[in-house]
1. Rounded to two decimals, what is the ratio between the C-alpha radius of gyration of the stretch 172-261 and 2.2 N^0.38 Å?
2. If I take every Cα pair under 8 Å that is 6 or more residues apart in the chain, average their sequence separation and divide by the length, what percent do I get for the relative contact order?
3. Going 7 Å from the Cα of Glu241 along its beta-carbon direction, which residues of the stretch 193-230 have the amide nitrogen within less than 19 Å of the resulting point?
4. Quick check: pseudo-label points 7 Å beyond the Cα along Cα→Cβ at Arg204 and Cys139, how many nm apart are they?
5. Given the options Ser44, Ser58, Ser96, state which has the largest fluctuation in a GNM of the chain using a 10 Å cut-off (strictly under) for Cα springs.
6. For the stretch 206-251, what D do you get in µm² per second when you plug the Kirkwood radius from alpha-carbon pairs into Stokes-Einstein at 25 °C and 0.890 mPa s?
7. Quick one: what does P(r) look like for the chain with 5 Å bins over all Cα pairs, in whole %?
8. In what sequence, highest mean first, do 230-242, 31-43 appear when ranked by Cβ atoms within 10 angstrom?
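The values are calculated or read from the model by the stated rules, or taken from the named source; none is laboratory data. On a predicted model such as this, the values are computed, not experimentally measured, just so you know. Cβ: placed from backbone, ideal geometry, glycine included. Neighbour counts: every protein chain shown. The area values use the complete protein model at the heavy-atom level, side chains included, leaving out ligands, DNA and RNA. Shrake-Rupley method; radii C 1.70, N 1.55, O 1.52, S 1.80 Å.
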Amino acid sequence: MINFIDILHIDAKEIKQYLTNLDNNGELNIILPELIALKGVDISKETSHKDNFIHTLSVIENTYYASKNPWLRLVSILHDIGKAPTKAWIDGIGWSFHNHEYIGGKMLPNIFKRLNIPIEQHDYITKIVVNHGYPKELCRIAKDSALRRFHLLMGDELEDLFMFCRCDLTSTNIEKKTRQINAYNELYDKIVELKIRDEKSKWRCPIDGSVIMKHFNLIPCRLVGDIRKTIEDAIKEGIIEDDYEEAYKFMLNIKIDTKNE
């Protein structure tokens, strides 16, 4: 059995040529019959779909040049394996591969076993294969609540997912491709900005009002808030670290005027 992990480290054109050679000599049908099943184009009512095997080869090349991560390259090989079992013609819609990402994810365990993929990489590969179609949907329905859920779902794999989504665009229509890439970039930026905004809203000054009142012998008043804001601004501007001890020492040096309090 070929060591598929070695394939992931060779040049993109060599990967494509290797898979093509395996296909020509019949070995690919033994090693990865799921890829063979993607070959060909069906036509119904004078409407055809793209050859998903050829599409996969293009995605492999795009991913190779976008990332040095071999496991993302494996994602490029396996991302559309669910399209063969989900392919259907639907009147009024056309060719459909509904839920192919989820079905592809269900097919992965057998492939991992067959290709001897390290178990510690299974979750990473599966997460991106199963979720690579979601960003396009989120571009149309980008509510903050949905973006928060998606970020929580993807976690550390969010950046790689968006990188792969861009690699998955193989249309020869440059205008259409550029428009979708821009939509992905805007969506990614929005998710990151939302995370930063959420984190800021949860942030609390290490020195609270009770500490300030005790040190300055104050009752609850506007001055307490002003002192805390002075400490917060010092932290945000990098004058002191976001640390209780540093903030406390900084507070000791704040001069106040209690005449008007």
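1. Cα Rg divided by the expected 2.2 N^0.38 Å: 1.76.
2. The normalised contact order for the chain reaches 13 percent.
3. Of the residues in the stretch 193-230, 204-208 have backbone N under 19 Å from the label point off Glu241.
4. 4.1 nm
5. Comparing Ser44, Ser58, Ser96 in a Gaussian network model of the chain, the most mobile one is Ser44.
6. On the way: Rh = 10.5 Å.
The diffusion coefficient I find is 233 µm²/s.
7. 1, 5, 10, 12, 13, 11, 9, 7, 5, 5, 5, 5, 4, 3, 2, 1, 0, 0, 0
8. Sorting 230-242, 31-43 by mean packing, highest first, produces 31-43, 230-242.
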